[in-house]
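The values are calculated or read from the model by the stated rules, or taken from the named source; none is laboratory data. All figures in this text were calculated on a predicted structure; none of them were measured in a lab. Note that we place each Cβ from the backbone using ideal geometry, even for glycine, and neighbour counts take in every protein chain shown. Surface accessibility is based on the protein's heavy atoms, side chains included, excluding ligands, DNA and RNA. Shrake-Rupley method; radii C 1.70, N 1.55, O 1.52, S 1.80 Å.
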Amino acid sequence: MRRSWGRALLLGLTMVVAFLLLVAFSAVLAKLTLTPSPASDGLAGSNLRPGHSLRQYAEEYTFLGACKQAGGNLLLGAPFGVLLPLLVPRRMRLVRVFLVTLLVMSLVELAQGAVIEGRAFDVDDVILNTTGALLGYAFLGRRLSRSLRRRTDPRPSRVRRVRKRPAARPAPEPEPATEPEPAREPETATEPATAGRLARLRARTARALPARRGTGPKPKTDLSGPTT
């Protein structure tokens with residue numbers, strides 16, 4: 001409970017401070033841009049062509065003068081990029097900063113060209129102011145808004161989720177070793193035929209042996225009588 005109250009208080013104080021700073025900046029902006037300049041009466045002219053004033057800064061102004069003109073317009077838009085992210089909703093924050101800065105600066109330039117003496121509408125000033133707001137958002141405003149959101153947003157969806165790794169499966173138990181079966185000699189289709197041939201060959205040999213024994217050469221007998 002205390003944490004929720006502390007987060008709400010921190011968020012409220014931050015938004016109040018950002019709003020007061022934005023109001024103070026708006027007052028300074030009005031003083032710088034909406035103050036009449038009688039010395040420039042008749043010299044300032046409206047510019048509706050993007051890039052025309054920038055080329056004039058590069059060609060006709062000194063380096064320091066060009067940096068002063070362009071850098072001053074960039075700095076005038078930077079506070080919008082730093083303070084508005086603390087006030088506007090989180091969704092499409094960059095687009096909101098861009099649109100609000102573009103609208104405010106366009107109104108300021110229109111007021112300069114319509115009712116302020118010695119000043120004129122310049123589209124390049126609007127471009128530079130909006131660019132300064134985007135740069136302020138990119139370098140500082142986004143980081144401040146993220147830091148504030150981490151401190152004040154209690155939703156668990158903002159907490160970085162850690163994916164749980166699946167539990168390791170148990171290793172399968174080794175199967176009991178079995179004695180390998182003796183290799184069987186491949187039976188061929190020629191074994192029965194070979195056995196039959198051997199049987200016939202033995203039968204022929206058995207029949208031929210008696211015949212050879214009966215027809216063999218008889219031993220010679222000595223017909224001559226005994227010698228004296």
Linear extension gain, LEU9 paired with ARG90, 0.36 nm per residue minus alpha-carbon span | 27.3 nm
Sum of side-chain charges, ASP122 neighbourhood, beta-carbon under 12 Å (Lys, Arg +1; Asp, Glu -1) | -1
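What chymotrypsin sites (Phe, Trp or Tyr not before Pro) in the range 82-159 are in a loop by DSSP, with at most 11 other Cβ atoms within 10 Å of the Cβ? Don't skip to the answer; put the middle values down first.
Numbers: sites: PHE98, PHE121, TYR137, PHE139; in loops: PHE121.
Taking the range 82-159 and a limit of 11 other Cβ atoms within 10 Å, no loop chymotrypsin sites (Phe, Trp or Tyr not before Pro) are found.
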Nearest-20 debye value, the range 39-136 charge dipole, Cβ charges on Lys, Arg, Asp, Glu | 660 debye
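Looking at the range 20-124, which GluC sites (Glu not before Pro) are DSSP coil and have at most 15 other C-beta atoms within 10 Å of their C-beta? Each step should come with its number before you reach the end.
Numbers: sites: GLU59, GLU60, GLU109, GLU117; in loops: GLU117.
Taking the range 20-124 and a limit of 15 other Cβ atoms within 10 Å, the loop GluC sites (Glu not before Pro) found are GLU117.
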Label-to-label distance, nm, for residues given as ALA24 and ALA111 (7 Å Cα→Cβ offset) = 2.0 nm
Could you list the trypsin sites (Lys or Arg not before Pro) in the range 80-139 that lie in coil according to DSSP, counting only those with at most 12 other Cβ atoms within 10 Å of their Cβ?
-> ARG90, ARG91
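Of LEU48, LEU13, which has the most accessible area and how do the rest follow, probe 1.4 Å? Can you show the working numbers first?
On the way: LEU48 130, LEU13 100 Å².
Listed by decreasing accessible area, they come as LEU48, LEU13.
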Most to least packed among 141-151, 73-83, 26-36, 197-207 [average Cβ atoms within 10 Å] | 73-83, 141-151, 26-36, 197-207
Using a basic spin-label model with each label point 7 Å from the Cα along Cα→Cβ, how many nm lie between ALA138 and ALA206?
-> 11.0 nm
